[in-house]
Amino acid sequence: MRPVERSQNYTINEDLAAPAPETIILFDDVFTTGCHFKAMELVLKKRFPDVGILGLFLARTVRMPEDDEDDPLAGIFG
């Protein structure tokens, strides 16, 4: 699933959206393809276009180059 498709699974609780944050940090346990991060970033950028969004990940999955052919985010995150 691509980030745009996955982003449709996420919503923002508008009761908690005001005041707008200055910075948003998304925490995740393992960074694999970045799809979940990019999807949530899309949702948050749409709601808070002028707010910086950062990701903090506890670990990263090491992928082999041949795995990248099916990865929609290959090369984006290094």
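Where a number appears in this text, it was derived from the coordinates with a stated rule and is not lab data. For clarity, every value in this text was computed on a predicted model and none was experimentally measured. Note: ideal-geometry Cβ built from the backbone for every residue, glycine included; neighbour counts use all protein chains shown.
A few remarks follow.
- Fully extending the segment from Val62 to Met1, taken as 0.36 nm per residue of separation minus the present Cα-Cα distance, adds 20.0 nm.
- Ranked by how many other beta carbons lie within 10 Å on average, peptides 56-64, 28-36, 5-13 from highest: 28-36, 5-13, 56-64
- Ranked packing of 17-23, 49-55, most packed first, by mean Cβ within 10 Å: 49-55, 17-23
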